[in-house]
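Quick notes on the structure that follows.
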Amino acid sequence: MIPSAAFVSTLFHGQNNPDKATVALTMALNARLKGHTTCLILMAEGVAMGVPGATHNMNIGQPFEPAADLLHQYLNAGGRVAICKSCMQHHGLSAEQMDKRFEIITAPDVIDLLMGATGSLQIA
């Protein structure tokens with residue numbers, strides 16, 4: 001069973017919508033900095049964010065930090081990132097292509113994370 005998280009955010013977008021990706025990273029980072037256990041779940045087109053370097057060159061401007069910086073801070077603070085396995089496969093990606101720091105999870109894991117969270121943010 002996947003470890004629970006107090007704050008879970010689902011992100012359905014990637015480089016095609018840098019605003020939503022940046023907001024998801026900003027909120028996940030801030031939840032982590034407030035001391036909450038966190039998990040950012042990449043789903044649908046968001047799974048492309050699981051490829052190393054995907055956040056490079058994503059910068060929507062102030063007052064937001066560049067996505068790569070947000071992701072770096074989030075992971076260094078102990079934040080977790082999970083990738084929906086079915087979504088990953090649907091988009092022609094494999095576990096070998098994903099950042100090794102990220103977890104590959106299944107649909108039942110997504111449900112467990114969401115049901116166990118005390119707070120969530122869905123960015124669709």
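The values are calculated or read from the model by the stated rules, or taken from the named source; none is laboratory data. Not measured: the values here are computed from a predicted model. Ideal geometry is used to build each Cβ from the backbone, glycine not excepted, and the neighbour counts take in all protein chains shown. To get the accessible areas, we keep the full protein, side chains included, count just its heavy atoms, and leave off ligands, DNA and RNA. Shrake-Rupley method; radii C 1.70, N 1.55, O 1.52, S 1.80 Å.
Counting only residues that are part of a helix (DSSP H, G or I) and under 19 Å from H90 (Cβ atoms), how many does region 39-67 have? Can you show your working first?
Looking only at region 39-67, we keep the residues that are part of a helix (DSSP H, G or I), and these are 44-50, 67.
So of that shortlist, the ones also under 19 Å from H90 (Cβ atoms) come out as 44-50.
Residues flagged as part of a helix (DSSP H, G or I) and under 19 Å from H90 (Cβ atoms) within region 39-67 amount to 7.
Scan region 57-67 residue by residue and report those that are at pLDDT 95 or above and open to solvent by 30 Å² or more (accessible area, probe 1.4 Å). I'd like the intermediate steps shown before the answer.
At the first step, the residues of region 57-67 found to be at pLDDT 95 or above are 58-67.
Passing the criteria: N59, I60, Q62, P63, F64, E65, P66.
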Self-check item: Pick from region 5-16, criterion modelled with pLDDT of 95 or more and among the polar types (S, T, N, Q), ranking: surrounded by the fewest Cβ atoms within 10 Å (Cβ to Cβ)
Solution: T10
Quiz item: In region 17-36, which residues are open to solvent by 30 Å² or more (accessible area, probe 1.4 Å) and either touching a Leu at 6+ places or on another chain (Cβ under 8 Å) or over 13 Å from V81 (Cβ atoms) (or both)?
Solution: N17, P18, D19, K20, V23, M27, N30, L33, K34, G35, H36
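Take N30 and decide whether it is assigned to a loop (DSSP other than H, G, I, E, B), modelled with pLDDT of 95 or more and not basic (K, R). It would help to see each step written out before you state the result.
Values: assigned to a loop (DSSP other than H, G, I, E, B): no; modelled with pLDDT of 95 or more: yes; not basic (K, R): yes.
No.
Each row is one residue, and each column tells you yes or no for (1) in contact with a helix residue (DSSP H, G or I) (Cβ under 6 Å, 6 or more places away or on another chain); (2) open to solvent by 80 Å² or more (accessible area, probe 1.4 Å); (3) modelled with pLDDT under 95; (4) among the aromatic types (F, W, Y).
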| residue | (1), (2), (3), (4) |
| --- | --- |
| D69 | no, no, no, no |
| A77 | yes, no, no, no |
| R80 | no, no, no, no |
| C84 | no, no, no, no |
| Q89 | no, yes, no, no |
| G92 | no, no, no, no |
| T106 | yes, no, no, no |
Quiz prompt | Sole exception among (1) out of contact with any Gly (no Cβ under 8 Å at 6 or more places or on another chain); (2) under 14 Å from L29 (Cβ atoms) for V81, by number | solution = (1)
Practice problem: Take region 43-56 and flag every residue that is open to solvent by 30 Å² or more (accessible area, probe 1.4 Å) and of a type in the set (V, I, T). | Solution: V51
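Here is a list: A82, A24. Which entry is more than 21 Å from M1 (Cβ to Cβ) and either in a helix (DSSP H, G or I) or small (G, A, S) (or both)? Spell out how you get there, then give the answer.
Numbers: A82 fails: more than 21 Å from M1 (Cβ to Cβ).
Within the list A82, A24, the selection yields A24.
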Exercise. Would you point out which residue out of A28, A21 is touching a residue at least 40 places away in the same chain (Cβ under 8 Å) and within 13 Å of L75 (Cα to Cα)?
Key: A28
